[in-house]
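The values are calculated or read from the model by the stated rules, or taken from the named source; none is laboratory data. As the structure is a prediction and not an experimental result, all values here were calculated from the model. Ideal geometry is used to build each Cβ from the backbone, glycine not excepted, and the neighbour counts take in all protein chains shown. We work out accessible area using only protein heavy atoms, side chains counted, and drop any ligands, DNA or RNA first. Shrake-Rupley method; radii C 1.70, N 1.55, O 1.52, S 1.80 Å.
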Amino acid sequence: MSTTPAVFTFGVPFEPAAVQQVDALCRLPFVNHVAVMPDVHAGKGSTVGTVFASSGAVIPAAVGVDIGCGISTFRTDLHRDEIAGRLPEIRAAIEVAVPHGRTDNGGPNDKGRWNGPPQSASELWLPLVPQYEWLIQGHPELNRNAYPLEHLGTLGTGNHFIEISVDEEERVWVVLHSGSRGIGARIGALFMEMAKQFMKTWFIDLPDPDLAYLPEGTEAFNEYIEAVQWAQRFAKANREHMMRSVLRVLYFDNMTELSSCFADTLPERMIDCHHNFVAHENHFGKNFWVTRKGAVRAWITDTAIIPGSMGAKSFIVQGKGDPSSLMSCSHGAGRAMSRTQAKMKFSLEDHAAATAGVECRKDAEVLDETPGAYKDIDAVMNAQRDLVEIKHTLKQLVCVKG
């Protein structure tokens with residue numbers, strides 16, 4: 001196994017903490033190739049915005065706890081003029097229709113989850129049940145706190161969002177960002193701890209304890225891969241339910257218009273991409289386990305979404321299949337500073353100015369998500385022009401934050 005992986009970086013130099021994390025990752029003997037995206041910043045174990053190919057092992061912390069987190073988008077047949085006069089009402093209706101945040105926000109939810117999930121969520125949950133029951137049979141601790149169905153169709157917190165945007169032709173798009181919610185976090189935490197216990201058992205010293213890994217061929221490795229794949233399915237179903245909820249708001253819950261818009265083809269017509277996952281892929285003529293943490297697959301056949309911050313642009317892109325990036329691209333703008341730093345640096349006036357023209361929260365609780373807390377999305381896109389081709393540029397009209 002190579003101890004000197006090829007490393008490719010895209011974009012401007014990044015902060016020292018992130019450099020140290022990339023260096024630590026490269027010192028692992030099973031890591032073969034590393035690609036650092038232009039939105040990179042320090043994370044837990046490995047940097048957010050990193051893609052790497054490994055042989056014979058995976059690192060649970062390098063996927064993280066929001067397994068399957070990603071973006072979905074859908075282009076409606078609406079025009080900006082049809083919704084421009086009711087943006088505050090649209091935002092308020094979405095906040096009621098989709099449970100979000102950590103507190104009861106007036107909708108049919110408590111602390112960001114359903115109080116009695118709707119039938120529509122139960123229908124999406126049903127196909128996920130058999131594999132979930134298999135998971136909890138071996139690890140009953142995964143079933144503690146909230147049953148996953150209570151979170152299916154809910155947004156979450158932090159940088160998760162729902163946006164109504166328009167493209168160059170003033171066509172209305174829905175863009176939303178969320179993942180596998182509480183169950184994904186429990187899966188991630190469980191296997192991260194299992195990996196650390198393996199390292200102690202085998203007396204393996206690591207440059208960072210969070211780089212603890214699961215060797216291929218072990219039962220824990222196989223269970224983790226199964227769990228990640230299930231969490232990705234849950235995350236996609238979660239986004240699909242939210243998309244349906246938002247479309248009902250936009251179309252006044254008019255089922256005739258909804259049917260003409262997407263009928264039963266919504267999953268096929270949605271653009272959906274994960275950015276926290278591990279997959280078995282072939283690169284350079286060899287099979288690897290490819291981990292993407294805060295990065296999106298960008299094969300030539302892939303269409304992806306790269307969002308900016310609250311007041312910035314977002315992009316629909318086509319992958320170029322660049323080999324050096326392991327056929328990947330950034331998952332967004334990437335944080336330029338911590339949440340604590342952002343709250344100290346920016347005022348409410350700064351935030352209001354940066355989000356002018358966007359119907360969104362402008363209070364102190366979202367200062368850590370203000371545009372200035374993130375990197376310049378135009379610079380990020382310029383740095384990855386060899387990785388993706390821009391197909392559409394979207395500008396936000398409404399932004400609902402978790």
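Taken as a whole, the range 318-327 holds no residue that is buried (at least 22 other Cβ atoms within 10 Å of the Cβ), at pLDDT below 95 and either among the aromatic types (Phe, Trp, Tyr) or under 19 Å from the mean Cα position of the chain (by Cα) (or both). For the range 381-401, residues that are under 21 Å from residue 310 (Cβ atoms), of a type outside the set (D, E, K, R) and part of a strand (DSSP E or B) total 9. Screening the range 87-125 for residues that are among the basic types (Lys, Arg) and not in a loop (DSSP other than H, G, I, E, B) and picking the one that is modelled with the highest pLDDT gives 91.
Can you give me the number of residues within the range 289-329 that are under 23 Å from residue 374 (Cβ atoms) and part of a loop (DSSP other than H, G, I, E, B)? The qualifying residues number 8.
For the range 200-232, taking the residues that are β-branched (Val, Ile, Thr) and in a loop (DSSP other than H, G, I, E, B), the one that is most open to solvent (accessible area, probe 1.4 Å) is identified as 204. Among the residues making up the range 56-81, those that are open to solvent by 40 Å² or more (accessible area, probe 1.4 Å) and either out of contact with any helix residue (DSSP H, G or I) (no Cβ under 9 Å at 6 or more places or on another chain) or part of a strand (DSSP E or B) (or both) are 75, 77, 79, 80, 81.
Just the residues that are surrounded by fewer than 14 Cβ atoms within 10 Å (Cβ to Cβ) and either at pLDDT below 90 or in a helix (DSSP H, G or I) (or both), please, taken from the range 354-377. Passing the criteria: 364, 365. What about residue 383, is it within 15 Å of residue 332 (Cα to Cα), over 20 Å from the mean Cα position of the chain (by Cα) and either surrounded by fewer than 22 Cβ atoms within 10 Å (Cβ to Cβ) or without any contact (Cβ under 8 Å) to a residue 24 or more places away in the chain (or both)? For residue 383, the condition - within 15 Å of residue 332 (Cα to Cα), over 20 Å from the mean Cα position of the chain (by Cα) and either surrounded by fewer than 22 Cβ atoms within 10 Å (Cβ to Cβ) or without any contact (Cβ under 8 Å) to a residue 24 or more places away in the chain (or both) - is met. One residue stands out among those in the range 173-205 that are aromatic (Phe, Trp, Tyr) and over 19 Å from residue 293 (Cβ atoms): the one that is nearest to the chain's Cα centre (by Cα), which is 173.
Filter the range 134-150 down to residues that are open to solvent by 20 Å² or more (accessible area, probe 1.4 Å) and under 25 Å from residue 401 (Cβ atoms), then give me how many there are. Write out each step before concluding.
First, pick out the residues of the range 134-150 that are open to solvent by 20 Å² or more (accessible area, probe 1.4 Å): 134, 136-141, 143-145, 147, 149-150.
Within this subset, residues satisfying the condition of being under 25 Å from residue 401 (Cβ atoms) are 145, 149-150.
The number of residues fulfilling the criteria is 3.
Conditions tested, residue by residue: (1) within 21 Å of the chain's Cα centre (by Cα); (2) not in a strand (DSSP E or B).
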position: 8; (1), (2): no, no
position: 19; (1), (2): no, yes
position: 36; (1), (2): yes, no
position: 40; (1), (2): yes, no
position: 46; (1), (2): yes, yes
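Within the range 172-199, residues that are farther than 26 Å from residue 113 by Cβ sit with their Cβ atoms under 6 Å from residues that are open to solvent by less than 20 Å² (accessible area, probe 1.4 Å) and of a type in the set (S, T, N, Q), at 6+ positions apart or across chains, in these pairs: 172/76; 173/73; 173/165.
Entry remark, the range 153-196: residues being part of a loop (DSSP other than H, G, I, E, B), open to solvent by less than 10 Å² (accessible area, probe 1.4 Å) and touching a Gly at 6+ places or on another chain (Cβ under 8 Å) number 5 in total.
Cβ separations smaller than 6 Å between residues 6+ apart or across chains give the following pairs from the range 287-305 residues that are in contact (Cβ under 8 Å) with a residue 40 or more places away in the chain and farther than 20 Å from residue 270 by Cβ to residues that are among the acidic types (Asp, Glu) and surrounded by fewer than 24 Cβ atoms within 10 Å (Cβ to Cβ): 290/281.
Given the options 54, 72, 46, name the one that is of a type in the set (Ser, Thr, Tyr) and at pLDDT below 95. Walk me through it before giving the result.
Values: 54 fails: at pLDDT below 95; 72 fails: at pLDDT below 95.
After applying the criteria, what remains is 46.
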